[in-house]
1. Can you tell me which of E98, E109, E72 is surrounded by 13 or more Cβ atoms within 10 Å (Cβ to Cβ) and over 18 Å from the mean Cα position of the chain (by Cα)?
2. For region 58-85, which residues satisfy the criterion of being polar (S, T, N, Q) and touching a residue at least 24 places away in the same chain (Cβ under 8 Å)?
3. Might you let me know whether region 44-66 holds any residue that is more than 25 Å from H11 (Cβ to Cβ), at pLDDT 95 or above and assigned to a helix (DSSP H, G or I)?
4. Is it true that I77 is in contact with a Pro (Cβ under 9 Å, 6 or more places away or on another chain), within 30 Å of G108 (Cα to Cα) and at pLDDT 95 or above?
Amino acid sequence: MKEIKAYIKPHKLQDVTSSLRGVKRLTGMSVMDCRGFGLGLGGVNESTGDGLLDFIKGIKIAVVCRDDLVDEVITAIETAAKTGLKGDGKIYVSAISEAVRISTGQRGESAI
């Protein structure tokens with residue numbers, strides 16, 4: 001099993017969601033609002049008011065899937081999120097050693 005985390009621009013969320021819905025056997029995804037900064041964005045300045053740094057708003061998508069779906073999920077995200085401009089986002093893949101479905105107690109791939 002793998003966890004795929006993607007950081008994308010907010011205006012691309014609908015496109016990415018539609019693309020992922022087309023991946024057969026993908027059981028779901030999670031979406032979180034996030035903020036951050038990366039290299040090449042002209043630096044980070046102190047904001048006025050709350051004392052927090054000025055971060056760029058983004059969306060984090062998390063998907064846990066079977067190993068055989070990883071390439072298809074990555075392609076779906078990359079194709080739908082790409083604008084061709086700097087700051088389109090990043091995709092990370094990590095191994096998952098265990099999954100448990102709380103409602104049924106199922107473990108492993110059957111839990112996802």
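1. E109
2. Listed by number, the residues that qualify are T79, T83.
3. No, because not a single residue in region 44-66 is more than 25 Å from H11 (Cβ to Cβ), at pLDDT 95 or above and assigned to a helix (DSSP H, G or I).
4. So I77 does not fit the description; no.
The values are calculated or read from the model by the stated rules, or taken from the named source; none is laboratory data. Since this is a predicted model, take the numbers as computed values, not measurements. Here Cβ is always computed from backbone atoms with ideal geometry, including for glycine, and neighbour counts include all displayed protein chains.
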